Every structure is written in structure tokens, then in C-alpha cells.
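Let me begin by presenting the structure, written as C-alpha cells, before commenting on it.
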Amino acid sequence: MAARCCSVGRWLLALVLASGAAREAWAEGAPEIYGVTPNEGAAGDTVRIKGRGFHGTIRVIFAVGKTSKDARFSVESDDELSVTVPDYFLPDVSATLAVLTSKGVTVGMPASAVRVDGKSKNTPKIGFFHVLKEGMLDLVNGVAVIEDGGAARGGSSAALQFVKRGGGLERYQNTSGTIFYERGALLSAVDGTRKSSHEDQVKRIEVREISESLGIDSFLFKAPAQAAGEPTSSPRIRAIAPPRVWVSDVVLLTGAGFLGTSHVFVGNKLTEVGFQVMSDRQLRLVMPDQLGYPGHEAWLMVMNAKGVTITLPARRAALTRTSNSRGLIWPGENGLWSVSGGRSLQFVGARQRVDQEGASRASIVFAKNGAKITPHVPGTLFYEPEADVPRTAIAERRKLYEQRGLGEPHIYEVEKIAVSETALLQIAPPWE
Amino acid sequence: MGALSDERVAQYLREHFVAAHQQVGSFEVTNQGGVLKKNGGNVASYFCTPDGRVVNAIVGPVPADDLLAAAQWAVDAYDESSPSAADRAPALAAKHRQAADDLRLLSRQVGGQTQIHELLEQKPLPPLNEVYRVIFEQILGQRVAPRDAEVASVVEAFQLDQRPKLPVLVVLYKQGDGNQARKEWEQVLSRDRPASLRLRELAECYLVTMLPLNRLAELSQHLGVRPFAAPDGGSPLFVVTRSDARQLTAVTTWDRQDELVFALAQGAVQAAKEEPRTANQLARLWNLVEPIDAKLGEQIERLLRDARKSTP
């Protein structure tokens, strides 16, 4: 029996030695990124991340603004990852890359990162920050790597923050964001103020080591492949799945007339939504940062060259709900729809007129053929070609926006304005 | 938003033209905190026939409506002119004359657009090569930059087949010329100070090149990299890059020598991580960087341990 044990022991030893000899050497410590090829691409493309320490990779993260997306990946070797660009559909938007392994996390730090030390003055409000010893960064509006002895105070913060041992971060309120920290980092309200309720929802991940990958430019998202074809009709939304969403979720719209989609907007602020046209009947969306408040509802608008459609509940169904509940959209007189938060939409039909008072009362005005809008131009206006709108004032506003570098005002001439009677988006964060 | 980002302009240009661009002037462009800062420079747009003859042009970063109007004018004028090549030029000259008269009636001042119509009335359908310098220099008031041997030499430095691959230090200066900048660099290295001594040692790990800052846009274009980032508007701008021109970090002015020492040490360590180095080279690098920053020393130690592990 003893001889048999020894024999089994010898076999096991041989097996361990053999596997040790075949195994490649894994780098010590946190991973590092040396390069991403190509450094731009669309959702679904494959990119290669070269670096070190990728054995045991747990997550590859693309962070855009306040949101982040995890990418599918495969570990080719300790020095290389093959990564599928995650679903993010707004083009020409830059993403910070991070790789989390069992040994630590690394973040791609661009050469344009702003160094913040004890002598820094007039630090920009937006960017990628490297907070050094004695550096104090106020109102973080970007990714920050905070070194021992550095501190940052979060305002409306980016999706990722990295706090090394001895570094401090307080009042970070991005509930969609993640703080990676080393043991010994100070994440409490160091100035003695009470933590806000939002801070409790923030994800905190303790890692053994944080490394910054020097000189790694942010990844540039390109527009995803869109189903080709000219629009045959104005869009129409029949269903939204899933109906409950949070920022960075992917949503599938089914309906018709999605070919040639030019814009998708969500919510009161008409936030632009990235989209991918799958076919004339299917449209995929990625929910943006500015989605709205948890528990509220939001409408969706889809535009193509043939028209625009907005999701609203069936009038009768909407009337049966209590108008003082939060998150509701309810119909009023003369085509006016009210939205919690004091916003409103107004549909102006043929032979109806909206004067200055009416136009300023409604946040968004939809003027059908034959409607008359005068003399004031509403803040946001969609109008059909035969609507009587103050075109000179519209041209002046466009010019003013261009002169001031404000982009395009939300004024659109569309062939047809339609309502898609469907459920509204329910804004529901994961913890609800 | 620029005129070229306007959807109407984009659609019209897509339908009627093949768009191309070329840099002919020089201007400063750096990336400060992720935002591109430009200083100087201007733009002229030429609407040409397929064989490169100018039908119309417009100068300056004009609003979308103006660019669209100039493009439409070119298409309409060309379509309405005679189909025979011989008669086309006089017909276009007449249209330019009419357009110049109309503009003079609208405004007492003779603006750039009027001057362009006058020029193209005198010489309709000129080859682009013959007219762009006049429009850029005399009407727009910009200087066409000469072909610069310095840009070519910096590009060559990045294309050198070096063994081992060295990082590159690009010194971008605003005042003076390359010789002056190199002289100043050598003076800094030769001083009898600890920082100068370290700079001297670290510079041996680098290829060092000099270039005027206003040629940076051209250099970026040649190298196929984004414009280099600068921490501020100071000069000279010392840019530390990988051997393939991807930037690692930057420091400004002659006064921040300690920062420059650290940046060069950091760049040398990064190059050692990304390109193969022998144990001897790593040991020499450790001697160089450990006194500058203990963490950089630790990174080299880690590389040495990794190298030992992977050696059979």
C-alpha cells in the first residue's frame, strides 16, 4: 500500500513539473496596456490589446462619460487580449480602457492626462486627471488616478475612478460608476460631511494594485454597421424591450420605418441616443448618460427623412393614471401633454394656432400641416412642411447657434409627425 | 460646429464632389488636456473639375450656408456653361464677372469672395496648382509653408531601423531655428549640475530631434498619430514618444529640468517594458532611474524578475 502511494505521488509530482515547464511565465503585479490595435472601431469589431499581465483577466471595460460597458474578450497570452468592441452606438465618442485581473487593474492613461500637484492652478473641469502627491482636484468630471497623498472631490463624475493607497476620493455620486481602490485608500467623506444617499449605490472594488498604462489614447467608437436602404415611411414604434432600462442598457425597438434613421432622442432634454438599424423593423439603442431620474418614465423619438414618431401612452390609458404620481406623462387640453417636472409637449393640428405664450409654455412643439406658430419660435420644434412657422426667426436662430458654436438648434422640418401609442420607457436602475 | 459637419453641406458635397484636403500653411496645434488648441492657420475651399481646374473657391472658415452657396454656385455655373471645352472658360468668366458685380452692389467693401470672382474672371478654370498660392497668400493673407527638410528628417528618425528600439524625444520650439534649439539643448546637457548630468545620461537612451512647433500638425499627419499633447502653452515643448511615435508624456520650458528628467526616465522604463532588453541593459537602466524615482526602479526590478522567470 505504501509503495502504491509513493508511486501515485511520483506520478503527481511528474504531472506538476510537466505543467510547470509548459506554462508561460506570467508577469507580476497589476496588468499594463502597451497598445490597442486598431485604436478605433465599431461595436462588434475585434481589437487586440498588447501589454503584460493579462493572465487571469476578469473584465475589460470601455468607459464613456458616466457609463461603462464590459467587453467580451479572450486571453491570447499573458501579453495579449482579443477584445470585441462592446455595444455603444454614438459615433466619434472616446472611451477610456481598463483591464481588471486577479492581480490588479490598469487604466489607459492618455498623454494628454492633466497632472494635478500641489502647484496646479486653473485645472480644467473635464479631462483625464493624474492626481499626484499634494494635488487636490475639485469637482471631478473625468477619470482620475489618485496617487498616495493626492485627493479628489467628485461632482458629476466619470464612470471610473482609481484611488491608490493613501489617495482620497470623496463625494463621488455617479451611481453608474465604479471606484477601484487599493487597501489604504480613503473613500470616506474626509471633510466630515455626511455621505449622500447616492454614494451608497456606487460600486467599490478593492484591488491589489492599480497601474496606469502610460500613453494610451482613448478608444474612438465609430458608427456601427447599419442596415442599408432608403426610408419608405415615417418610423413607427410598436414595442420596446426591455421596458425597464438604466443607462448603458441595450434596448430593442420593433416597429416599422427604421431604415434611414437619422436621430433617436430620449426624455425631456432630447438626449441623443446611439442606434443601430438592424432592419426596417428593428432598431437597437444604447441608453445614454442623461436618461432621467430613477422611477420616472421617458418618451422616445425616432426620426428619419420621412418623419418623426414619439412614444406616448394611449390617451385613455394615460387619463386613468393619477397625474400627481412621479414619472407620469398625462394629456391635457388642446393637444398639450404634461410631464412631471413641469415639462410639456404640444401637438398643434391644422387650423390651430400657438401664440407666444403657448409656445413658451410647451417645451416641445409638434406643428402639423396647417398649424400656425407665431411669432415666437419654441425651444424645440418639429414641423411638417405645410405648417405656418416663423421661418425667418428660425433661420436667425440657426445662424446664432452657428456663430456661438452651439451646434444645431432642436428645430426640425419633417415630412410627417406621428405618435406611437406604446408603453413609455421605465427608468429603473439595477438596485431598484 | 464647422460647416463641414453640417448635414446639408455633407450631403451636397457627397452628391457632387469627391472631397480631399491638403495642408499648405503652418500653424500651431497641440492637445491640451484632451482639447485641441490651434493657433494661426486658415482654410480655403476649392471646387474643381475632375482634372483639377478651379471652378470656384471660398476663403476662411465660413458658415455652412456660405460654403453650401459657393458649392452650389460652382455646380450650377459649370452645368450652365457650354458643353464644349473651348467655350466653357469664357462662359465661366462671364459668370464670375456677374457674381463680382453683384457682390460689389451688396457691399461697398471688396471682400475675399469678390476678389476670388475677379481673379477667376481674369483666368477662368485655372489648374489648382497655379492659383492656390495667390488665393492663400494674397487674398487670405497666409503664408504657404515651404517644403520643410526638418519635418522629413524627424519622420526619418522614426522610421530608422534601430536595434534596440529607442524612445524618441522631440523638442518643439517656437522661437529661433533648429540650430539654435540644438545649441541650447547641448548647453543644458553640458552644465555642471546634477539635473544636467542625469539628462545627459538619459539622453543617450533616446533619439533626440528638433522641430518648429508650427510644423507639428504636418508631422502628426506624416506619422499618422494624433497631435501631440502639451501640458500647457509653454515653449519649448519636450515630447517623449515610443519608437513608433505614439506619445508617452510631455514637459514644457527649459526651466522644468527635474520634470524633464523624470519624463525621460519614465519613457526609458516604458520602452524597456515594451521592447526586448537584455538583463545587462535592464541593470544599467536600473542604475540610471532608481536614484530618480524608486518606483521606476521597482518596475525595472520586476522586469528583471519576469526575464529570469521566462528564461528556461
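Any read-out appearing in this document is the output of simple, stated calculations on the displayed coordinates, not a laboratory observation. Every value quoted in this text rests on a predicted model; they were computed, and no experiment measured them. Methodologically, a virtual Cβ is constructed for each residue, glycine included, from the backbone with ideal geometry; neighbour enumeration extends over all protein chains shown.
Protection proxy ranking, highest mean first, for peptides A:238-247, A:127-136, B:189-198: A:127-136, A:238-247, B:189-198, where packing is the per-residue count of other beta-carbon atoms within 10 Å, averaged. Taking Cα atoms only, the orientation of helix B:178-190 departs from the longest principal axis of chain B by about 20 degrees. With a sphere of radius 15 Å drawn around the Cβ of A:TYR88, what net charge do the other residues whose Cβ falls strictly inside it have (Lys, Arg +1; Asp, Glu -1)? Summing Lys and Arg as +1 and Asp and Glu as -1 gives -3. Once both axes come from the Cα atoms, what is the angle between helix B:85-106 and the longest principal axis of chain B, in degrees from 0 to 90, rounded to 10? The angle comes out near 90 degrees. A straight chain from A:ARG72 to A:GLU28 at 0.36 nm per residue would run longer than the Cα-Cα distance by 13.5 nm. Here the relative contact order of chain B, from alpha carbon pairs under 8 Å that lie six or more residues apart, stands at 16 percent.
A Förster radius of 30 Å combined with the Cβ-Cβ distance from B:ALA279 to A:MET136 puts the calculated FRET efficiency at roughly 0.10. The gain in end-to-end length when the B:ASP66 to B:ASP232 segment is fully stretched comes to 56.3 nm, 0.36 nm per residue minus the alpha carbon separation. In terms of distances greater than 20 angstrom between alpha carbons, the cross-link table entries A:LYS50/B:LYS273; B:LYS165/B:LYS273; A:LYS103/A:LYS164; A:LYS69/B:LYS273; A:LYS269/A:LYS372; A:LYS203/B:LYS295 yield A:LYS69/B:LYS273; A:LYS269/A:LYS372; A:LYS203/B:LYS295.
To the nearest ten degrees, helix B:279-289 and the longest principal axis of the Cα atoms of chain B are 80 degrees apart.
Across peptide A:204-214, the mean count of Cβ atoms from other chains lying within 10 Å of each residue's own Cβ comes to 1. The convex hull around the C-alpha trace of the range A:382-432, projected and averaged over every direction, spans 6.4 square nanometres. Peptide packing for A:89-102, A:380-393 was compared via the average number of neighbouring C-beta atoms within 10 Å per residue; ordered from the highest value, the list is A:89-102, A:380-393. Quick one: in the range B:157-287, what % of C-alpha pairs are over 24 Å apart? Counting every Cα pair in the range B:157-287, those more than 24 Å apart make up 25 percent. Farthest toward the positive end of the dipole of the range B:54-189, out of B:ALA157, B:GLN122, B:ALA85, is the Cα of B:ALA157, where the dipole comes from beta carbon charges about the Cα centre. Estimated translational diffusion coefficient (Stokes-Einstein, Kirkwood radius over Cα pairs, 4 °C, 1.567 mPa s) of the protein assembly as shown: 43 µm² per second. Only helical runs count toward this figure. For chain B, summing -39,500 (n - 2.57) over DSSP H runs of n ≥ 4 and dividing by all residues gives -15500 deg cm²/dmol at 222 nm. Across the range B:37-78, the residues whose backbone nitrogen lies under 15 Å from the label position 7 Å along the beta-carbon direction of B:LEU106 are B:57-59, B:62-74. Applying 1/(1 + (r/R0)^6) with r as the Cβ-Cβ distance of B:LEU128 and A:GLU421 and R0 = 45 angstrom yields a FRET efficiency of 0.20. Highest average first, the peptides A:254-264, B:79-89, B:62-72 ordered by how many other beta carbon atoms sit within 10 Å of their residues are A:254-264, B:62-72, B:79-89.
Shown is the FRET efficiency for A:GLU206 and A:THR232, computed with R0 = 41 Å from the Cβ-Cβ distance and rounded to the nearest 0.05: 0.15.
Taking the Cα centre of chain B as origin and assigning +1 to Lys and Arg Cβ atoms and -1 to Asp and Glu Cβ atoms, the resulting dipole is close to 980 debye. The mean count of C-beta atoms from other chains within 10 Å of the C-beta of residues in A:392-400, rounded to a whole number, is 1. Our summary of shape: the Cα atoms of the range A:30-147 have principal axis extents of 43, 32, 19 Å, ordered from largest down, in whole angstrom. The modelled label-to-label distance for the pair A:LEU220/B:GLN138, using points 7 Å beyond Cα in the direction of Cβ, is 3.7 nm. Take each residue of peptide B:45-57, count the partner chain Cβ atoms within 10 Å of its Cβ, and average: the result is 0. Per residue, the Cα convex hull of the range B:51-153 amounts to 123 Å³. Within the same chain, lysines fewer than 8 places from A:LYS306 are excluded, and of the rest, those with a Cα less than 17 Å from its Cα are A:LYS368, A:LYS416.
At q = 0.12, 0.16 Å⁻¹, what base-10 log of I(q)/I(0) does the Debye formula yield for chain B when every alpha carbon is treated as an equal point scatterer in vacuo? For the requested q values the scattering log ratios are -0.86, -1.22. In a reduced charge model with +1 at each Lys and Arg Cβ and -1 at each Asp and Glu Cβ, the protein assembly as shown shows a dipole moment near 1720 debye about its Cα centre. Computed about its Cα centre, the charge dipole of the range B:195-275 is approximately 120 debye, with only Lys, Arg, Asp and Glu carrying charge at their Cβ.
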